[in-house]
């Protein structure tokens, strides 16, 4: 039995999975790896003005709460990359793991940086911080067209002495810290 609820196709009352990767072109894996490698090098070179080498002009950057959504390269550069670089200097991006298949690449890693500008209302501290992230990129014709992002801003805020959960984070259920 197939039904549809809020635009989601259900088969036997289960949502269809993996719709975005359904038509993934597996022969594009090497091209995707090369694009992501070059883009991360560009990030580490702090080369904001030339990010168009890696991103399509109309790409979508979809972040978690606190990051927002950026539509198009210019909006990404002006409303994410430049403010982020102003808040965090001496920054290096390190993908700790990547999985690439066809037009898709997923990574998690960290950026190491110095908190040198205002961030989430927190004045610069000069502290070195770790900024954990996960990225999911779709690459078409050698350019990133979609980028889903999760940046662990609560972890960054905690390193800067701000508890975004006011003592109510579920870390309180954890055992002794390692």
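The values are calculated or read from the model by the stated rules, or taken from the named source; none is laboratory data. All values derive from a computational prediction rather than experimental measurement. So basically every Cβ, Gly included, is an ideal-geometry build from the backbone, and we count neighbours across all protein chains shown.
Key figures for this structure:
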{"item": "Per-region count, region 67-82, residues surrounded by fewer than 16 Cβ atoms within 10 Å (Cβ to Cβ), under 12 Å from the mean Cα position of the chain (by Cα) and under 20 Å from residue 117 (Cα atoms)", "result": "1"}
{"item": "Selection within region 123-178 - surrounded by 15 or more Cβ atoms within 10 Å (Cβ to Cβ), in contact (Cβ under 8 Å) with a residue 60 or more places away in the chain and more than 17 Å from the chain's Cα centre (by Cα)", "result": "140"}
{"item": "Sole residue being without any contact (Cβ under 8 Å) to a residue 40 or more places away in the chain and under 27 Å from residue 90 (Cα atoms), chosen from 70, 22", "result": "70"}
{"item": "Residues within region 73-99 that are free of Cβ contacts under 8 Å to residues at least 60 places away in the same chain, touching a helix residue (DSSP H, G or I) at 6+ places or on another chain (Cβ under 8 Å) and closer than 21 Å to residue 26 by Cα, tallied", "result": "0"}
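Each row is one residue, and each column tells you yes or no for (1) at pLDDT below 95; (2) closer than 28 Å to residue 23 by Cβ; (3) in contact with a helix residue (DSSP H, G or I) (Cβ under 8 Å, 6 or more places away or on another chain).
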site: 37; (1), (2), (3): no, yes, no
site: 45; (1), (2), (3): yes, no, no
site: 52; (1), (2), (3): yes, yes, yes
site: 69; (1), (2), (3): no, yes, no
site: 101; (1), (2), (3): no, yes, yes
